[in-house]
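To start, the structure itself, in structure tokens.
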Amino acid sequence: MKKAKQKNPPAVQYTIVPKDLAGHLFNVTVTVAAPASEGQVFALPAWIPGSYMIREFARNIVRIRAESGGQAVALTKLDKHAWQAAPVDGPLSLHYEVYAWDLSVRAAHLDQTHGFFNGTSVFLRVLGQENTPHQVDIQRPGDPAASDWRVATSLPELGAKRYGFGTYIAADYDELIDHPVEMADFALGTFKAHGIQHDIVITGRVPNLDMARLQQDLKAICEAQIAFFEPKTKKAPMDRYVFLTMAVGDGYGGLEHRASTALICARADLPTTAAPKTAEPNEGYTKFLGLCSHEYFHTWNVKRIKPAVFAPYDLQVENYTPLLWLFEGFTSYYDDLMLVRSGIISEATYFKLLGKTVGSVLRGSGRTKQSVAESSFDAWSKYYRQDENAPNAIISYYTKGSLIGLAFDLTIRAKTGGARSLDDVMRALWERYGRDFYDGGARGVTEKEVEALFDEVSGVRLKSIFERYIRGTEDVPLAKLYAPFGVKVSDERKNSKPSLDAGIGRDAGGAKLTQVHEGGAAHQAGLSAGDIVIAVDGLRVNGNPSNLDGLFARYRVGDTVTVHAFRRDELMTFEVTLQGDRVPGITIAPLPGTRKTQGFVRPSAG
């Protein structure tokens, strides 16, 4: 990416300094050259795009003051997100501190090991001037612990050098907050995918990190996805891309941005030079590559192809859409598919991962009560605010959405004799709604347009899929859909294992029930989520979940046991009739001698 040129000072300028590493405080200044004559209003976003929950980032502003020409300016708080400064004639500056102690991909985190922030957590929006250029000066902290820190971000450099502290530039506020920033003594890898530079940044202690393997595998995935959307030109929609990764003891998650992604992973999931060289990644590394594949696919699907309600975002309130099954679900369908198409995993491994997804969808009774369209719309209040009853009440638009993507793909391929596929639909969405999004064509797609485009591009009437599996709650009949391709789907669960049919967690006093599945043994006996099981037939249960499994292994399905459990501080007794393990054991595999599966694990011609 070429260094940006700036002839005139931008209308909005920020300075951000990691002030107190131990206290987790960023110092931020925003200066407005020409504030509103009636008194400039500032507001911090209430949520971050890609994570559909009101998070009220302004609660982390510790202190705030305004000044102009060296004189204090009165500042009035309007609501929990916004402030208004008194009218002034000259430039206006706000100085404020942001508490940053959220080790996730959604907000900001600062300590002696690194600094990370999303713009939505630290940059107050200048109302009325969002479409003007925004400049930010990222300054080096004075703490000796940060003497070796560098800066990683996909923001265009202005005065800063690549990976350096200094000034960066954005065309507008929307661009400013769409490039997270990592500051640390990080590991750095670089590769080119179809001519575009891609950087891999790893923060955190990772002994013997195999960066060469990581670069090789990510290059294959990125090139497969670029070629998927642009099979003729192989042109990526960005000039440079950055994988910002925080490696921790135990963690998993990602958040997409237009030219980067913020990731958090378990360090054990990253490849190591000490491991035996194998052709296929192990389970943990496959999981990490699947996460990278998912967030990278979002570069096209949701960062540029967007639901109409996201064009533009309203960052102060919920933005409701029933289409997250398309933007998250289809991305979840293609993330593992891109691993097999790029040669990272085998077809057998792909089917194993798919079987786990099917099992997770079938596990909860919530799938019979909520459609993926409803789940998408209610993401703000239900999916992102799950409680112990979630499996009994909701369905994931990620997992079931991925199976709906598969259903569309198999249906279109079967009915067109392989001439068309879901790939063609995704490319049409890209060409019509995504390719020019940041080049003057900012327009999202509506629900009606989505449904019409599916029929038009595929040449197949697909209304029944929308009615039954998207707006309805029917299970996707994968066994039937796979049959024409010589693939068998079976449920090999074994009902001989006695079970409470409940989620079991650790607790110092015993086994804590984290979830109780509707209709299961625990539910029918009267046990509830939060109960702590301390004894089965007079034998003590310790805090290790496997201890409970060991006790139940001495019984048969249908046996009745006496369970003692604490609910709050009250000891209760339950008679439990043990059920067979109801966790689906889905297997998906080609029938012997068939080669038809290659049609859908490989891309269509385009």
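Based on this model, can you work out whether Gly510 counts as within 27 Å of the chain's Cα centre (by Cα) and under 30 Å from Val576 (Cα atoms)? Answer is no for this residue.
Restricting attention to segment 73-90, which residues are in a loop (DSSP other than H, G, I, E, B), in contact (Cβ under 8 Å) with a residue 12 or more places away in the chain and over 10 Å from Ala36 (Cα atoms)? Across segment 73-90, the qualifying residues are Ala74, Leu78, Lys80, His81, Gly90.
A single member of Ala22, Ala11, Ala72, Ala4 is more than 23 Å from Gln316 (Cβ to Cβ) and modelled with pLDDT under 95, and it is Ala4. Taken together, the criteria place Val105 among residues that are more than 25 Å from Ile64 (Cβ to Cβ), buried (at least 17 other Cβ atoms within 10 Å of the Cβ) and of a type in the set (Val, Ile, Thr). Would you check if Gly39 is surrounded by fewer than 18 Cβ atoms within 10 Å (Cβ to Cβ) and not assigned by TED's automatic domain parsing to the domain that holds Asp378? Yes; evaluated as a whole, the condition is true for this residue.
Residues that are of a type in the set (A, V, I, L, M), under 23 Å from Phe437 (Cβ atoms) and part of a loop (DSSP other than H, G, I, E, B) do not occur anywhere in segment 188-202.
Within this structure, Asp531 fails the test of being of a type in the set (Asp, Glu), within 20 Å of Glu575 (Cβ to Cβ), without any contact (Cβ under 8 Å) to a residue 60 or more places away in the chain and touching a Ser or Thr at 6+ places or on another chain (Cβ under 6 Å).
One residue is enough: does segment 550-565 have a residue meeting the conditions at pLDDT below 95, out of contact with any Lys or Arg (no Cβ under 6 Å at 6 or more places or on another chain), farther than 14 Å from Gln579 by Cβ and not in a loop (DSSP other than H, G, I, E, B)? Looking through segment 550-565, at least one residue is at pLDDT below 95, out of contact with any Lys or Arg (no Cβ under 6 Å at 6 or more places or on another chain), farther than 14 Å from Gln579 by Cβ and not in a loop (DSSP other than H, G, I, E, B). Here Pro281 meets each of (1) within 29 Å of Asp501 (Cβ to Cβ); (2) not in a helix (DSSP H, G or I) with one exception, condition (1). Exactly one residue out of Gln225, Gln215, Gln197 is surrounded by 14 or more Cβ atoms within 10 Å (Cβ to Cβ), of a type outside the set (Phe, Trp, Tyr) and in contact with a helix residue (DSSP H, G or I) (Cβ under 8 Å, 6 or more places away or on another chain), and it is Gln225. Quick check on my filter: what residues within segment 357-375 are surrounded by 19 or more Cβ atoms within 10 Å (Cβ to Cβ) and not in a helix (DSSP H, G or I)? Answer for segment 357-375, where residues must be surrounded by 19 or more Cβ atoms within 10 Å (Cβ to Cβ) and not in a helix (DSSP H, G or I): Gly364, Gln370, Ser371.
Residue by residue, here is whether (1) at pLDDT below 95; (2) assigned to a helix (DSSP H, G or I); (3) under 26 Å from Lys277 (Cα atoms); (4) not assigned by TED's automatic domain parsing to the domain that holds Asp436 holds:
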{"position": "Leu214", "(1), (2), (3), (4)": "no, yes, yes, yes"}
{"position": "Ala220", "(1), (2), (3), (4)": "no, yes, yes, yes"}
{"position": "Phe228", "(1), (2), (3), (4)": "no, yes, no, yes"}
{"position": "Phe243", "(1), (2), (3), (4)": "no, no, yes, yes"}
{"position": "Met246", "(1), (2), (3), (4)": "no, no, yes, yes"}
{"position": "Leu255", "(1), (2), (3), (4)": "no, no, no, yes"}
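For segment 231-242, the set of residues classified as touching a residue at least 24 places away in the same chain (Cβ under 8 Å) and out of contact with any Phe, Trp or Tyr (no Cβ under 8 Å at 6 or more places or on another chain) consists of Pro231, Lys232, Lys234, Lys235, Ala236, Met238, Asp239, Arg240, Val242, listed by residue number. Whether any residue in segment 134-143 is touching an Asp or Glu at 6+ places or on another chain (Cβ under 7 Å), modelled with pLDDT of 95 or more, buried (at least 17 other Cβ atoms within 10 Å of the Cβ) and not in a strand (DSSP E or B) is what I want to check. No; the residues of segment 134-143 include none that is touching an Asp or Glu at 6+ places or on another chain (Cβ under 7 Å), modelled with pLDDT of 95 or more, buried (at least 17 other Cβ atoms within 10 Å of the Cβ) and not in a strand (DSSP E or B).
If you go through segment 433-470 and keep only what is more than 20 Å from Asp423 (Cβ to Cβ), free of Cβ contacts under 8 Å to residues at least 12 places away in the same chain and of a type in the set (Gly, Ala, Ser), you end up with Gly440, Gly441, Ser464. Checked against (1) more than 20 Å from Ser51 (Cβ to Cβ); (2) among the hydroxyl-bearing types (Ser, Thr, Tyr); (3) within 19 Å of the chain's Cα centre (by Cα), Ser346 passes all but condition (3). Of Ala74, Ala86, Ala66, Ala33, all but one fail to be buried (at least 18 other Cβ atoms within 10 Å of the Cβ) and not polar (S, T, N, Q); the exception is Ala66.
Against the condition buried (at least 19 other Cβ atoms within 10 Å of the Cβ), out of contact with any Cys (no Cβ under 6 Å at 6 or more places or on another chain) and small (Gly, Ala, Ser), how does Ala170 come out, does it pass? Spelling it out, Ala170 is indeed buried (at least 19 other Cβ atoms within 10 Å of the Cβ), out of contact with any Cys (no Cβ under 6 Å at 6 or more places or on another chain) and small (Gly, Ala, Ser). How many of the residues in segment 281-317 are surrounded by fewer than 21 Cβ atoms within 10 Å (Cβ to Cβ), farther than 13 Å from Asp336 by Cβ and either under 18 Å from the mean Cα position of the chain (by Cα) or touching a residue at least 12 places away in the same chain (Cβ under 8 Å) (or both)? Total meeting the criteria: 9. One residue is enough: does segment 498-517 have a residue meeting the conditions farther than 19 Å from Gly364 by Cβ, β-branched (Val, Ile, Thr) and surrounded by fewer than 21 Cβ atoms within 10 Å (Cβ to Cβ)? No. Being over 24 Å from Phe297 (Cα atoms) and either outside the structural domain of Ser104 (by TED's automatic domain parsing) or among the β-branched types (Val, Ile, Thr) (or both) is the requirement here; does Ile202 meet it? Judged against the criteria, Ile202 is not a match.
The values are calculated or read from the model by the stated rules, or taken from the named source; none is laboratory data. No experiment lies behind these values; they were computed from the predicted model shown. No Cβ is skipped: glycine too gets one built from the backbone with ideal geometry, and neighbour counts run over all protein chains shown.
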